[in-house]
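Read the structure below first, then the notes.
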Amino acid sequence: MKQITVTSPLLPPLEELIPHLEQIWKSKRITNEDSYHAALEEAIKEYMKVPYVSLFTNGTIALSCALQALDITGEVITTPYSFVATTHALRMNGIQPVFVDIDPISFNLDPSKIEKAITSQTRAILPVHIYGNPCKLKEIKDIADKYGLKVIYDAAHTFGVEYENQSLAMAGDLAVLSLNATKVYNTIEGGIVVSHDPEMKKKIDLIRSFGFVTESEIALPGTNGKMDEVRSAYGLVGLKYVKDAIECRSRVAAYYRKALRNIKGIIYQEDMENVKPNYSYFPILVETEKFKWNRDELDNQMKENNILCRRYFYPLISSFTPYRELPSANPGNLPVAHSISDSVLCLPIHHALSEEDLERVVSIII
Ligand SMILES: *Cc1c(COP(=O)(O)O)cnc(C)c1O
């Protein structure tokens, strides 16, 4: 039986990439923000319709540099329901993460619980648009404005997502996307910071490349977060195929929703209002008391049939060793996150699934 995986990288056609590789080989310019890098920043900026884009070597470094660009220290309020890199980016910058519980419908940070977690040390909020679902933007902005906090969105899942007819990455002081192979659009490894003014873009780009202004002038202590020319060319070719890939994903989501509509004990998310989604994930919740199996039993049944689902996001970040001793990591503080994390399973969704594949996945559940 053919293996069905939760995702599959959107690879650009090799024959389209090769002429670009030949050009890069001929020029011998393989990195250091050269012409393909510039072209990809421009193309992504146009695709997303955002004012400023800074490319990065991956999303984690991009997140870290975004925090540095805003001079964030002290405490930052964030969600435990995400990929571990969200919280690592804080800790690696000497920032104390403060976990706040999530909303049971969107699985995003619950704004009504943020204010209680703010202290004199709080400097920012780092929410995640999980699965590409928009956070409650207005509520979060109002709280941030009231307390003078910055908002950095971990928008890793949001490539192509629009909210009220503009890119979801427009929200926040900065938004950070991942272009890792597992995401809707990839540069193998890669990341993006979206910013809103030329001075901020300049600062982010300085942090990205050792703080170099010129060969003999260093503006600030920076790192090396650069994307190279080969991956930039790969990304430039791949960008043409994203719209079609999202269209394929939307058909997968429609298939699952129709097939699972009346299955007792299986809950899935509907498209949110005013959102153009990218169908990056298809999470279901398994209600143990109503369904024939619990979540892990369903996951194992899938595995036995060579279908690889993923328990995104179990365990919670707050349950991992580096974070579990934090006061805010107490499970009593995060009841909704624990309940979702204990029952979630992400079904396979990507551009290359056939009707036959989808029938196989659904047949295990129904
Ligand atoms: C993928 C991901 C990241 C990290 O991005 P990389 O490009 O893999 O470094 C950060 N946050 C979330 C929510 C992610 O899913």
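We did not get these values from a lab; they are worked out from the coordinates using the rules stated. Note that this is a predicted model, so its numbers are computed, not measured. Here the Cβ is made from the backbone with ideal geometry for all residues, glycine too, and neighbour counts use every protein chain on show.
See the values below:
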{"read-out": "Of all residues making up segment 161-192, the number that are in contact with a Lys or Arg (Cβ under 7 Å, 6 or more places away or on another chain) and within 24 Å of Ile125 (Cβ to Cβ)", "value": "5"}
{"read-out": "Total residues in segment 54-70, condition near the ligand (Cβ under 10 Å from one of its atoms) and either among the acidic types (Asp, Glu) or under 21 Å from Asp34 (Cα atoms) (or both)", "value": "6"}
{"read-out": "Test: residue in segment 280-287 that is free of Cβ contacts under 8 Å to residues at least 60 places away in the same chain and of a type in the set (Phe, Trp, Tyr)", "value": "no"}
{"read-out": "Residue in segment 203-214 that is within 21 Å of His350 (Cα to Cα) and surrounded by fewer than 21 Cβ atoms within 10 Å (Cβ to Cβ) present", "value": "no"}
{"read-out": "Pick from segment 34-53, criterion in contact with an Asp or Glu (Cβ under 8 Å, 6 or more places away or on another chain) and more than 16 Å from Ala171 (Cα to Cα), ranking: nearest to the ligand (Cβ to nearest atom)", "value": "His37"}
{"read-out": "Checklist (1) within 20 Å of Ile140 (Cβ to Cβ); (2) part of a loop (DSSP other than H, G, I, E, B); (3) away from the ligand (no atom under 13 Å from the Cβ) applied to Asn93, failing item", "value": "(1)"}
{"read-out": "In segment 301-317, the residues that are surrounded by fewer than 16 Cβ atoms within 10 Å (Cβ to Cβ), outside any loop (DSSP other than H, G, I, E, B) and under 26 Å from the mean Cα position of the chain (by Cα)", "value": "Lys303, Leu308"}
{"read-out": "Near pairs, Cβ below 7 angstrom, 6+ apart or cross-chain, from segment 175-196 (over 18 Å from Pro12 (Cβ atoms)) to any residue that is near the ligand (Cβ under 10 Å from one of its atoms) and among the charged types (D, E, K, R)", "value": "Val176/Asp154"}
{"read-out": "Tally of residues being buried (at least 21 other Cβ atoms within 10 Å of the Cβ) and in a strand (DSSP E or B) across segment 318-366", "value": "3"}
{"read-out": "Residues within segment 146-171 that are of a type in the set (Gly, Ala, Ser) and without any contact (Cβ under 8 Å) to a residue 24 or more places away in the chain, tallied", "value": "1"}
{"read-out": "Residue list for segment 105-125, filter: touching a residue at least 40 places away in the same chain (Cβ under 8 Å) and under 19 Å from Ile72 (Cβ atoms)", "value": "Ala117, Ile118, Thr119, Gln121, Thr122, Arg123, Ala124, Ile125"}
{"read-out": "Yes/no for Arg91 being touching a residue at least 40 places away in the same chain (Cβ under 8 Å), charged (D, E, K, R) and touching a Gly at 6+ places or on another chain (Cβ under 9 Å)", "value": "no"}
{"read-out": "Within segment 244-272, considering residues that are without any contact (Cβ under 8 Å) to a residue 24 or more places away in the chain and under 30 Å from Glu16 (Cα atoms), the one surrounded by the most Cβ atoms within 10 Å (Cβ to Cβ)", "value": "Arg251"}
{"read-out": "Flag for Ser167 being more than 12 Å from the ligand (Cβ to nearest atom), surrounded by fewer than 16 Cβ atoms within 10 Å (Cβ to Cβ) and not basic (Lys, Arg)", "value": "no"}
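Per-residue answers, yes or no, for (1) surrounded by fewer than 24 Cβ atoms within 10 Å (Cβ to Cβ); (2) within 13 Å of the ligand (Cβ to nearest atom); (3) more than 23 Å from Asp228 (Cα to Cα):
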| residue | (1), (2), (3) |
| --- | --- |
| Ile105 | yes, no, yes |
| His129 | no, yes, yes |
| Ala144 | yes, no, yes |
| Ala155 | no, yes, no |
| Gly190 | no, yes, no |
